[in-house]
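Working notes for the structure below.
Values quoted throughout were computed directly from the atomic coordinates according to the rules given, and no laboratory measurement underlies them. Quick caveat: nothing in here was measured; it's all calculated off a predicted structure. Note that each Cβ is placed from the backbone with ideal geometry, even for glycine, and that neighbours are counted across all protein chains shown.
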Amino acid sequence: MRFAPSPTGHLHVGNARTALFNWLFARQKRGAVVLRIEDTDVERSEARFEDQLIDDLKWLGLDWDEGPDVGGPYAPYRQSDRLDVYREYGERLLDEGKAYLCFCTEDELQQERDRAQAESRQQIYSGKCRMIDPDEAKRRRAGGESAAIRLRIPEHPIRFHDIVHGDVEFSNEVVSDPIILRSNGMPVYNYVVVIDDALMKITHVIRGDDHLSNTPKQVALYEALGWPVPEFAHLSTILGSDRERLSKRHGATSIANFRDMGVLPEALMNYLALLGWAPTGGTREIFSLEELVKEFSLERVTPSPAVFDMEKLYWLNRHYIKQCELQRLTFLGLEFFAKSGVLDRNPTSPPNSDRTVFVEKSLLDWFSRVTELFAPYVDRLDQLPERASPIFSYDARAALAAPENAEVLAWPQTKAVLDRFAVKVLENESAQVGKLSAEEFNKIVSEVKAETDVKGKELFHPIRIVVMGSHSGPAFDKLIPVLEEGSRLNLPKHVLSVRERVEAFSKARLG
């Protein structure tokens with residue numbers, strides 16, 4: 001099995017799904033996974049994109065047995081390092097009469113295409129250089145005349161079996177004689193992919209169905225070279241919610257985008273596996289990578305287009321966030337808190353580390369509690385700072401004016417609850433120094449309950465508005481220690497203690 005991306009841009013979800021399906025199939029069958037970099041598009045290929053796609057694949061949890069970074073028996077694994085191999089086989093096909101030299105200029109070829117279009121014919125090469133005597137053609141090339149090498153497509157239909165689409169047949173008339181080596185000596189995709197797959201012993205080719213029309217040209221090359229044709233499996237197109245081909249207009253499409261949004265790799269991997277594939281029974285949706293290896297089957301891949309449902313991905317991400325070990329979640333969350341400005345980046349972070357934000361242990365422990373409080377309520381980790389904003393950006397006036405708080409603030413019992421709660425907090429010695437414990441806070445609430453004869457939501461909702469600015473939120477037992485300790489930490493944005501919040505709310509309330 002192989003995954004062969006081009007380093008011309010970021011790794012997007014379609015390519016990532018292809019990589020995942022190749023990986024699952026290979027690991028299930030105990031085969032080898034090959035990572036090959038197809039960088040013959042010299043103008044668009046960049047080393048930074050190669051580094052990024054390798055990083056993205058590893059982030060998803062995929063690995064490989066052979067590749068540019070690990071070596072292997074069929075190295076090199078970058079096509080730009082294999083040009084001599086491609087030219088050697090091109091000359092072999094010429095010598096065997098299975099390919100021929102084409103001297104047509106780009107202008108001539110464009111004129112052919114224009115005529116075909118005007119006459120409503122298929123735009124295929126006329127084959128006019130097919131009949132040039134091979135010896136004469138070689139003399140012309142030796143004399144300095146520019147020539148490409150074209151494959152002779154056989155005079156019979158080209159057939160192959162596709163695991164997803166079944167038996168496929170293309171008429172030789174619609175395939176045309178493809179260029180395999182351009183006049184400048186650079187090979188084309190449909191040629192190099194065959195040479196590499198054959199020499200690297202690739203037995204199954206799993207890729208997107210946008211390559212289905214390329215396959216007859218490749219099958220013809222296998223046959224011309226006398227090599228066995230691999231098994232093919234062409235995966236369905238991924239569509240956006242509007243059922244158009246997924247693109248940037250639909251929002252995030254690259255693995256880097258989802259990573260920057262705080263989607264966990266296990267959630268994205270799980271979701272990609274469900275795009276165009278269904279497990280036995282069709283009802284289960286949550287799988288670990290190990291479970292997918294056992295369950296995956298190419299026979300259960302559908303040829304119908306798959307629709308990328310962002311809400312379904314977020315649902316899975318919420319599941320994995322809730323399952324995630326707290327220390328890991330905290331480390332991931334620190335990056336987003338730093339981006340939001342509530343946490344300083346440490347410029348002396350150790351090199352060669354997966355973590356980009358380092359903090360002292362006391363601050364790390366505190367952010368761990370903040371993360372534990374709010375992570376269960378987010379779809380993505382980049383939402384953590386906004387969800388936790390009442391911790392860092394308390395606004396009493398906004399709380400009083402918020403439409404969602406209006407009903408609670410208008411309850412007849414609310415004034416008495418707010419008055420007694422304010423008195424109790426302001427009198428409390430621990431609250432005066434930012435060290436109010438959860439037990440002391442609960443005692444204050446119990447005293448307010450006894451003195452006002454108010455209980456249930458009529459008691460707790462007004463108090464929560466004072467403390468958090470909203471009548472809903474985390475449990476007080478965990479929230480109060482976070483607020484009190486946070487008020488004593490040296491943070492870019494000061495965290496108001498419970499007392500400071502009560503003072504601010506009382507002042508705003510009284511005008």
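Please report the relative contact order for the chain, taking Cα pairs under 8 Å with a sequence separation of at least 6, and give it as a percent rounded to a whole number.
Numbers: 738 pairs, mean separation 59.4, N = 511.
Taking the mean separation of contacting Cα pairs over the length of the chain, I get 12 percent.
Measure nothing fancy, just the Cα-based angle from helix 215-225's long axis to the longest principal axis of the chain, in degrees from 0 to 90, nearest 10.
With rounding to tens, the tilt is 50 degrees.
What is the range 275-323 by shape, rounded, prolate or oblate, if you read a ≥ b ≥ c off the alpha carbon gyration tensor as root eigenvalues and call it rounded for a/c under 1.5, prolate for a/b larger than b/c, and oblate otherwise? Intermediate results must be reported in sequence, preceding the final value.
Numbers: a/c = 2.56, a/b = 1.29, b/c = 1.98.
Here the range 275-323 falls in the oblate category.
Looking at the range 97-175, which GluC sites (Glu not before Pro) are DSSP coil and have at most 16 other C-beta atoms within 10 Å of their C-beta?
Numbers: sites: GLU106, GLU108, GLU112, GLU119, GLU136, GLU145, GLU155, GLU169, GLU173; in loops: GLU119, GLU145, GLU155.
Here the GluC sites (Glu not before Pro) that fit, given the DSSP loop and packing criteria, are GLU119, GLU145, GLU155.
By the gyration tensor of its Cα atoms, with a ≥ b ≥ c the square roots of the eigenvalues, what is the shape of the range 82-235: rounded for a/c under 1.5, prolate for a/b over b/c, or oblate? Intermediate results must be reported in sequence, preceding the final value.
Working: a/c = 2.03, a/b = 1.29, b/c = 1.57.
Oblate, because a/c is 1.5 or more while a/b does not exceed b/c.
Work from the charge dipole of the range 82-235 (Cβ charges, +1 for Lys and Arg, -1 for Asp and Glu, about the Cα centre) and give the residue of GLY144, GLN123, TYR189 farthest towards its positive end.
After comparing all options, I get GLY144.
Using only Cα atoms, locate the centre of the range 142-201 and the centre of the range 455-511, then give the distance between them in Å, rounded to an integer.
Each part's Cα centre sits 70 Å from the other's.
Please state the relative contact order of the range 254-394 as a whole percent: Cα pairs under 8 Å, 6+ residues apart? Mind showing how you got there, number by number?
Numbers: 124 pairs, mean separation 39.1, N = 141.
Value for the range 254-394: 28 percent.
I want the local charge near THR40. Using Cβ-Cβ distances under 15 Å, sum +1 for each Lys or Arg and -1 for each Asp or Glu among the other residues. Write out the running numbers ahead of the final one.
Numbers: positive: ARG36, ARG44, ARG78, ARG82, ARG87, ARG182; negative: GLU38, ASP39, ASP41, GLU43, GLU46, GLU50, ASP81, ASP84, ASP196, ASP197.
Every neighbour counted, the sum reads -4.
Which of the chymotrypsin sites (Phe, Trp or Tyr not before Pro) found in the range 36-103 are in a DSSP loop and have at most 12 neighbouring Cβ atoms, other than their own, within 10 Å?
Details: sites: PHE49, TRP59, TRP64, TYR74, TYR77, TYR86, TYR89, TYR100, PHE103; in loops: TRP64, TYR74, TYR77, PHE103.
Of the chymotrypsin sites (Phe, Trp or Tyr not before Pro), not one in the loops of the range 36-103 has a Cβ with at most 12 other Cβ atoms within 10 Å.
Is the C-alpha gyration tensor of the chain telling us rounded, prolate or oblate? Criteria: a/c under 1.5 is rounded; beyond that, a/b larger than b/c is prolate, otherwise oblate. Let's see the in-between values first.
Values: a/c = 3.19, a/b = 2.95, b/c = 1.08.
It is prolate, given that a/c is not under 1.5 and a/b is the larger ratio.
At 222 nm, what helix-only mean residue ellipticity would the chain give, in deg cm²/dmol to the nearest 500, using -39500 (n - 2.57) for each DSSP H run of four or more? Can you show the working numbers first?
Numbers: 24 runs with 248 residues, N = 511.
Using -39500 (n - 2.57) per qualifying helix, the result is -14500 deg cm²/dmol.
May I ask which of LYS322/LYS455; LYS201/LYS312; LYS322/LYS457; LYS415/LYS435; LYS29/LYS322 have a Cα-Cα span longer than 29 Å here?
Working: LYS322/LYS455 31 Å; LYS201/LYS312 38 Å; LYS322/LYS457 27 Å; LYS415/LYS435 26 Å; LYS29/LYS322 32 Å.
Long pairs (Cα-Cα over 29 Å): LYS322/LYS455; LYS201/LYS312; LYS29/LYS322.
Show the residues, 5+ positions off or on another chain, whose built amide H is closer than 5 Å to the amide H of ASP162.
Result for ASP162 returns ASP167, VAL168.
How big is the antiparallel share of DSSP beta bridges in the chain, given as a percent to the nearest 5?
Working: 16 of 28 bridges.
The antiparallel fraction comes to roughly 55 percent.
For the range 390-509, report the % of Cα-Cα distances exceeding 16 Å. Walk me through the intermediate numbers first.
Values: 4048 of 7140 pairs.
When all Cα pairs of the range 390-509 are counted, 57 percent exceed 16 Å.
Which cross-chain or sequence-distant (5 or more) residues have an amide H under 5 Å from the amide H of CYS102, H modelled 1.01 Å from N in plane?
For CYS102, the qualifying residues are ALA148, ILE149, ARG150.
Nearest 10 degrees, 0 to 90: what angle lies between the long axis of helix 189-199 and the longest principal axis of the chain (Cα atoms)?
90 degrees
Lys and Arg at +1, Asp and Glu at -1: add these up for the other residues within a Cβ distance under 10 Å of ILE158 and post the number. It would help to have the intermediate numbers written out before the result.
On the way: positive: ARG159, LYS217; negative: GLU169, GLU223.
Combined, the nearby Lys, Arg, Asp and Glu give 0.
For the range 14-55, which trypsin sites (Lys or Arg not before Pro) are both in a DSSP coil and crowded by at most 14 other Cβ atoms within 10 Å?
Taking the range 14-55 and a limit of 14 other Cβ atoms within 10 Å, the loop trypsin sites (Lys or Arg not before Pro) found are LYS29, ARG30, ARG44.
Can you list the lysines whose alpha carbon is less than 22 Å from that of LYS128, not counting same-chain residues fewer than 8 positions off?
Correct list for LYS128: LYS98, LYS138, LYS217.
Would you work out the relative contact order for the range 1-111, in percent, from Cα pairs under 8 angstrom that are 6 or more residues apart? The partial results should precede the final answer.
On the way: 117 pairs, mean separation 29.4, N = 111.
Normalised by residue count, the contact order of the range 1-111 is 26 percent.
In sequence order, what are the phi-derived ³J(HN,Hα) couplings for the range 451-464 according to the Karplus relation 6.51 cos²θ - 1.76 cosθ + 1.60 with θ = phi - 60°, rounded to whole Hz, with x for glycine and proline?
Using θ = phi - 60°, the values come out as 6, 9, 6, 10, 9, x, 5, 5, 8, 7, 5, x, 5, 5 Hz.
To the nearest 20 debye, what is the magnitude of the charge dipole of the range 30-154 about its Cα centre, counting +1 on the Cβ of each Lys and Arg and -1 on the Cβ of each Asp and Glu?
On the way: 21 positive and 29 negative charges, 144 e Å.
So the dipole magnitude of the range 30-154 works out to roughly 700 debye.
Given Cβ point charges of +1 (Lys, Arg) and -1 (Asp, Glu) and nothing else, what value in debye, to the nearest 20, does the dipole of the range 82-235 about its Cα centre take? Before the final figure, lay out each step's value.
On the way: 20 positive and 27 negative charges, 65 e Å.
So the magnitude is around 320 debye.
Charges only on Cβ, +1 for Lys and Arg, -1 for Asp and Glu: so what's the dipole of the chain about the Cα centre, in debye to the nearest 20? It would help to have the intermediate numbers written out before the result.
On the way: 66 positive and 79 negative charges, 214 e Å.
It works out to roughly 1020 debye.
Mind listing the phi-derived Karplus ³J(HN,Hα) values for the range 292-299, rounded to whole Hz, using 6.51, -1.76 and 1.60 with θ = phi - 60°, and x for any glycine or proline?
5, 4, 6, 8, 4, 8, 5, 5
Considering only the other residues whose Cβ falls under 11 Å of the Cβ of ARG2, what net charge follows from Lys and Arg at +1 and Asp and Glu at -1? Working shown, then result.
Working: positive: ARG36, LYS201, ARG207; negative: GLU38, ASP65, GLU66, ASP196, ASP197.
Result for the local shell: -2.
Can you give me the Cα centroid spacing of the range 409-439 and the range 78-133 in angstrom?
Cα centroid of the range 409-439 versus Cα centroid of the range 78-133: 84 Å apart.
Kindly write out, for the range 412-429 in residue order, the coupling ³J(HN,Hα) from the Karplus curve 6.51 cos²θ - 1.76 cosθ + 1.60 (θ = phi - 60°), rounded to whole Hz, with x marking Gly and Pro.
x, 7, 4, 4, 5, 4, 5, 5, 5, 4, 4, 4, 4, 5, 5, 7, 6, 5
I'd like the distance separating the alpha-carbon centroids of the range 35-58 and the range 269-307, in whole Å.
The two parts, judged by their Cα centres, are 27 Å apart.
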